[in-house]
Amino acid sequence: MREASIFVSNRKQSITANRIKNILWYIGECYILLRNDKAKYSKTYVKEHTAIHFEDFLRFRLVEDYLAKNKNLLKARTSDLDEISFTPETQKEYIDQTDYKQKTDKIDIFVNKLGLAQTWGENEDKIYFAIECKRISNLSDTSRYIGDLLKFTNRSYIEIRLPFEGQLGFIESHSLSDRQIVEEINGKLRHASHITTERPLRPCHIHPDIPGTYKSIHRRNTNIKETFSIYHIFLDYSDIVTS
């Protein structure tokens with residue numbers, strides 16, 4: 001019985017991980033489309049003509065202009081994600097493990113319709129993958145990036161949030177590389193007393209033309225201390241973001 005249970009658990013993890021990797025591959029494809037379109041996003045224009053924070057604006061453009069419109073690329077890669085949906089700024093509920101209160105979880109990019117209902121034995125609408133986004137203009141911005149990671153560890157999610165999280169960094173400086181950023185993050189994680197890191201950020205091959213992809217493994221600060229993985233994508237926006 002125990003061997004059968006382990007087999008089922010491993011199969012669930014394998015199927016789910018494969019779905020997530022395909023989604024991240026698709027993000028890479030959309031980033032390439034964005035670059036091919038020679039997209040430019042002006043901080044001054046957004047400040048003067050909108051009431052949207054610039055980080056939110058970058059996220060909206062990625063989701064609305066690319067992820068939501070080019071799903072045929074993902075469907076051509078796998079039929080498992082034919083119904084996938086990408087939504088910016090969705091809210092779900094969670095239990096905060098610091099004070100055990102039920103609170104609102106604001107999700108930067110909400111991904112559902114993952115074709116995992118049978119695998120997880122739950123209604124399709126109750127299963128989702130979350131991606132948090134951060135602008136990175138200098139190494140000090142990694143503190144805000146790690147702030148999102150801390151949220152993952154301190155929250156007990158009410159619906160089925162997969163044991164895989166996504167973090168996306170918009171690199172806005174020519175002088176910064178994803179390797180520098182990852183070294184800074186890993187250094188801070190070594191001294192983060194409230195984050196249990198089973199494995200720091202290590203390179204993870206997702207897309208042949210997107211080098212800045214990494215994976216880390218952590219443990220939630222819940223009663224059962226379950227482990228979860230984070231896929232990190234760092235995209236070079238230094239030629240895309242303008243003053």
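Things worth noting here:
- Options [x] 1.04; [y] 1.12; [z] 0.95 - which one matches Rg/Rh (Cα atoms, Kirkwood Rh) as calculated here: [z]
- In loop segments of the stretch 74-173 as defined by DSSP, the GluC sites (Glu not before Pro) with at most 13 further C-beta atoms inside 10 Å of their C-beta are E83, E122.
- Charge dipole (the chain, unit charges on Cβ, about Cα centre) - positive-most of I158, N18, T222: T222
- Solvent-accessible area, 1.4 Å probe, carbon plus sulfur percent, for the chain: 46 percent
- Here's the picture: a label point sits 7 Å out from the Cα of R35 along the beta-carbon direction, and within the stretch 152-173 the residues with their amide nitrogen under 15 Å of it are 169-173.
- FRET efficiency, 1/(1 + (r/R0)^6) with R0 45 Å, evaluated for N72 and R190 via beta carbons: 0.55
- Heavy-atom accessible area ranking, 1.4 Å probe, most first, across D148, D125, D141: D125, D141, D148
- Helix 178-190 axis, angle to the chain major axis (alpha carbon atoms, nearest 10°): 50 degrees
- Within the chain, DSSP assigns beta bridges of which about 60% are antiparallel (rounded to the nearest 5).
- At R0 = 30 Å, FRET efficiency that the Cβ-Cβ distance of H49 and H174 yields, to 0.05: 0.70
- Cα gyration tensor category, rounded, prolate or oblate, for the stretch 46-153 with a/c compared to 1.5: oblate
- Dipole magnitude of the stretch 59-128 about its Cα centre (Cβ charges: Lys, Arg +1; Asp, Glu -1), debye to nearest 20: 260 debye
- Sparse packing (at most 15 other Cβ atoms within 10 Å of the Cβ) combined with a DSSP loop state is found for the following chymotrypsin sites (Phe, Trp or Tyr not before Pro) in the stretch 64-116: Y100.
- Degrees, to the nearest 10: 2-36 long Cα axis against longest axis of the chain: 10 degrees
- Estimated 222 nm signal from helices in the chain, with DSSP H stretches of n ≥ 4 weighted -39500 (n - 2.57), rounded to 500: -11500 deg cm²/dmol
- Between 0 and 90 degrees, the angle of helix 142-154 with respect to the longest Cα principal axis of the chain falls at about 20 degrees.
- In the chain, excluding the sites themselves, the longest stretch lacking any of the trypsin sites (Lys or Arg not before Pro) that are in a DSSP loop with at most 11 other Cβ atoms within 10 Å is 102-224.
- Alpha-carbon centroids, the stretch 131-175 and the stretch 25-103: separation in whole Å: 14 Å
- At most 11 other Cβ within 10 Å, DSSP loop - GluC sites (Glu not before Pro), the stretch 180-209: none
- Pairs beyond 30 Å (Cα-Cα), from K103/K188; K103/K225; K40/K103: K40/K103
- Sorting F129, F57 on solvent-accessible area from highest to lowest, probe radius 1.4 Å, gives F57, F129.
- Selection from F57, I136, Q97 lying farthest towards where the dipole of the stretch 1-137 points positive, charges on Cβ: I136
- The phi-based Karplus calculation (6.51 cos²θ - 1.76 cosθ + 1.60; θ = phi - 60°) puts the 3J(HN,Hα) values of the stretch 233-238 at 10, 10, 10, 6, 10, 5 Hz, whole numbers, x for Gly and Pro.
- The chain - charge dipole about Cα centre, Lys and Arg +1 at Cβ, Asp and Glu -1, debye rounded to 20: 480 debye
- Net charge contributed by nearby residues that have their C-beta within less than 10 Å of D96 (K/R +1, D/E -1): +2
The values are calculated or read from the model by the stated rules, or taken from the named source; none is laboratory data. If you're wondering where the values come from, they're calculated on a predicted model, not measured in any experiment. Here Cβ is always computed from backbone atoms with ideal geometry, including for glycine, and neighbour counts include all displayed protein chains. What goes into the accessible areas is simple: the full protein's heavy atoms, side chains included, and nothing from ligands, DNA or RNA. Shrake-Rupley method; radii C 1.70, N 1.55, O 1.52, S 1.80 Å.
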